[in-house]
Amino acid sequence: MTITRRLSAITAASVVLALGLGACSTSNNSSTSAGTTAATTGAAVNAATATSLADFGTLDDLAAAAKAEGALNVIALPHDWANYGAIMDAFKAKYPGITINELNPNAASAEEITAAKTNKGLDTAPDVFDLGLTVALANTAEFASYKVATWNDIPDLFKDANGKYYGDYGGFMALGIDSSRYPVPTTIQDLLGPAYKGAVAINGDPTQAGSAFASIGLATLLTGGTLDDYSTGITFFKQMNAAGNFLKVDPTDATIASGETPIVFDWDYLNAAQTKNVPTWQTIIFPGEGLAGYYYQAVNVNASHPAAARLWQEFLYSDEGQNLYLGGGARPARMDAMTTAGTIDKDLAAALPAAPKSYSMPDETQSTNAGTLLGQQWAAAIG
C-alpha cells in the first residue's frame with residue numbers, strides 16, 4: 001500500500017532523499033581530541049557523548065568548549081548551496097575562535113560517510129554531515145545522538161526520535177532551463193522531443209546523489225507511477241536517453257553559465273539561484289504531483305571536534321541560521337514554528353518559488369526500495 005503523504009503548500013517542505021555537496025580545504029591540527037573538554041563553568045563535560053545543550057550548561061559554555069577545540073570540519077557544503085557561504089561566514093563571525101575547515105565540495109552523501117570512515121580518529125574526518133535521507137537511514141551507527149535546543153520546533157516527520165539525524169532545509173524538485181536557447185516545456189513528456197537533443201541533465205548519479213535520485217522520483221510521479229515503484233521514472237529517462245536528449249554531464253555553476261548543461265533537474269532553490277549566472281534561466285515546476293525533499297544534519301559519532309560539531313548544529317537551528325537557509329531560497333525545518341512565533345524573515349519567505357498545489361514524499365520503506373531498484377536498473381537504462 002502506498003503511504004505517500006500529501007502535504008499542503010504552506011508546509012515548510014517534505015522528506016525525500018537528497019544530498020549535500022561539500023567544499024575542500026586543509027585541516028586544522030590544533031584541535032583537542034574527542035572527549036572531555038572544560039566549559040567556562042569549569043565543569044568537565046564529555047562533549048563526545050553530550051546529547052543536548054543541557055549537558056554543557058549554557059550556549060556560552062558550549063561555545064567555550066568549542067573554542068577550546070579550535071576547529072570544525074564540514075563536508076558537502078558549497079558556498080552557493082542553500083546559502084552555505086553566508087552561513088559559514090556568519091558562524092565564523094559569531095565564534096571567531098573556531099576555524100572552519102571545508103572538505104570536498106563535490107562529495108555525494110555516500111562519499112561523506114566514506115570520508116568519515118577513512119579518516120576515523122584523524123583531524124581530517126568530517127565532524128558533521130549534510131545528507132540525503134537514504135544515506136542517513138543506512139548509516140545511523142555513524143551518528144551521535146544530539147538534540148538541539150529548538151528540537152521541538154522541528155516537525156516529527158523530519159527527525160529521528162533519538163536525535164541521530166534531523167531535517168535542516170528543503171525544497172521541491174524542479175526543472176531549470178535556459179529559455180533563450182530552448183522552448184520552455186509545459187509537461188515533462190515534452191522533454192522527449194527533438195528540440196531538447198543532448199540538453200537535459202540531472203545532478204549526479206541517482207544511485208548516490210539525492211537530488212538526482214529525486215529527479216527520478218519526480219519523473220515517476222509525473223508519468224503515472226507512484227513512490228512505491230520508481231519503474232516509470234526509470235523508463236522515462238531510458239526513453240530520454242534513447243532519444244539522444246539525456247546529457248551525461250553533472251551540472252555545476254560553471255557548466256550552466258557556459259551553456260554546457262542548459263536544462264537541469266534540481267531543487268527549486270538551486271535552479272532559482274542560477275539566474276545570477278544566466279539571466280534567462282527559468283525554474284519550472286510542472287503541473288501535477290510534485291516531489292519535495294529535505295537534507296539532514298548529523299554529528300559524526302567519532303568527531304574530532306565534538307563540541308564544535310554540536311555548536312554548529314545549535315547555530316543552524318537557531319532563528320539566525322534558519323533565516324540564512326531561507327536567504328538561499330531553501331525552506332528551513334523550523335519555518336512553520338518561526339512563522340507562528342513571528343521570527344521568520346517575511347520578505348525572504350514571500351520570495352520563495354511557488355510550491356506545487358500538491359506534493360509527496362517517500363517514506364522510509366519507499367526510499368529504501370527505490371534505492372535498491374535504481375541500483376539494479378539505472379546503469380542498464382542509460383547505458
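With the structure loaded, tell me whether Tyr269 is among the hydroxyl-bearing types (Ser, Thr, Tyr), crowded, with 20+ Cβ neighbours inside 10 Å and more than 22 Å from Trp378 (Cβ to Cβ) or whether it fails that test.
The answer is yes for Tyr269.
Can you confirm whether Gly171 is within 21 Å of Tyr269 (Cα to Cα) and buried (at least 18 other Cβ atoms within 10 Å of the Cβ)?
Answer is yes for this residue.
Within segment 170-183, can one find any residue that is within 24 Å of Thr255 (Cα to Cα), free of Cβ contacts under 8 Å to residues at least 40 places away in the same chain, not assigned by TED's automatic domain parsing to the domain that holds Arg310 and not hydrophobic (A, V, I, L, M, F, W, C)?
There is at least one residue in segment 170-183 that is within 24 Å of Thr255 (Cα to Cα), free of Cβ contacts under 8 Å to residues at least 40 places away in the same chain, not assigned by TED's automatic domain parsing to the domain that holds Arg310 and not hydrophobic (A, V, I, L, M, F, W, C).
Residue by residue through segment 308-331, note down the ones that are part of a helix (DSSP H, G or I), closer than 22 Å to Leu270 by Cα and in contact with a strand residue (DSSP E or B) (Cβ under 9 Å, 6 or more places away or on another chain).
Once the filter is applied, which keeps residues that are part of a helix (DSSP H, G or I), closer than 22 Å to Leu270 by Cα and in contact with a strand residue (DSSP E or B) (Cβ under 9 Å, 6 or more places away or on another chain), segment 308-331 yields Leu316, Gly321, Gln322, Asn323, Leu324, Tyr325, Leu326.
Among the helices (runs of 4 or more DSSP H) lying completely within segment 200-280, list those that include at least 3 residues that are closer than 27 Å to Leu324 by Cβ and touching a Phe, Trp or Tyr at 6+ places or on another chain (Cβ under 9 Å).
Qualifying helices (runs of 4 or more DSSP H): 210-222, 268-272.
Just checking, which of Thr226, Thr207 is more than 24 Å from Arg331 (Cα to Cα), modelled with pLDDT under 95 and β-branched (Val, Ile, Thr)?
Result of the check over Thr226, Thr207: Thr207.
Quick one: which of Thr255, Thr235 is farther than 22 Å from Gly375 by Cβ and either surrounded by fewer than 22 Cβ atoms within 10 Å (Cβ to Cβ) or more than 21 Å from the chain's Cα centre (by Cα) (or both)?
Thr255
Looking at segment 339-371, which of its residues are aliphatic (A, V, I, L, M), crowded, with 20+ Cβ neighbours inside 10 Å and either touching a helix residue (DSSP H, G or I) at 6+ places or on another chain (Cβ under 6 Å) or without any contact (Cβ under 8 Å) to a residue 60 or more places away in the chain (or both)?
Ile344
Just the residues that are of a type in the set (Ser, Thr, Tyr) and in contact with a strand residue (DSSP E or B) (Cβ under 6 Å, 6 or more places away or on another chain), please, taken from segment 332-359.
If the condition is that a residue be of a type in the set (Ser, Thr, Tyr) and in contact with a strand residue (DSSP E or B) (Cβ under 6 Å, 6 or more places away or on another chain), then Ser358, Tyr359 are the ones that fit.
Give the number of residues within segment 332-369 that are assigned to a helix (DSSP H, G or I) and within 17 Å of Tyr296 (Cβ to Cβ).
Residues flagged as assigned to a helix (DSSP H, G or I) and within 17 Å of Tyr296 (Cβ to Cβ) within segment 332-369 amount to 5.
Looking only at segment 284-332, filter to residues that are within 20 Å of Phe213 (Cβ to Cβ), in contact with an Asp or Glu (Cβ under 9 Å, 6 or more places away or on another chain) and not aromatic (Phe, Trp, Tyr); which one of those is surrounded by the fewest Cβ atoms within 10 Å (Cβ to Cβ)?
Per the stated criteria, the residue is Ile285.
The values are calculated or read from the model by the stated rules, or taken from the named source; none is laboratory data. Given the structure is predicted, the values throughout are model-derived calculations rather than measurements. We place every Cβ from the backbone using ideal geometry, glycine too, and count neighbours over all the protein chains shown.
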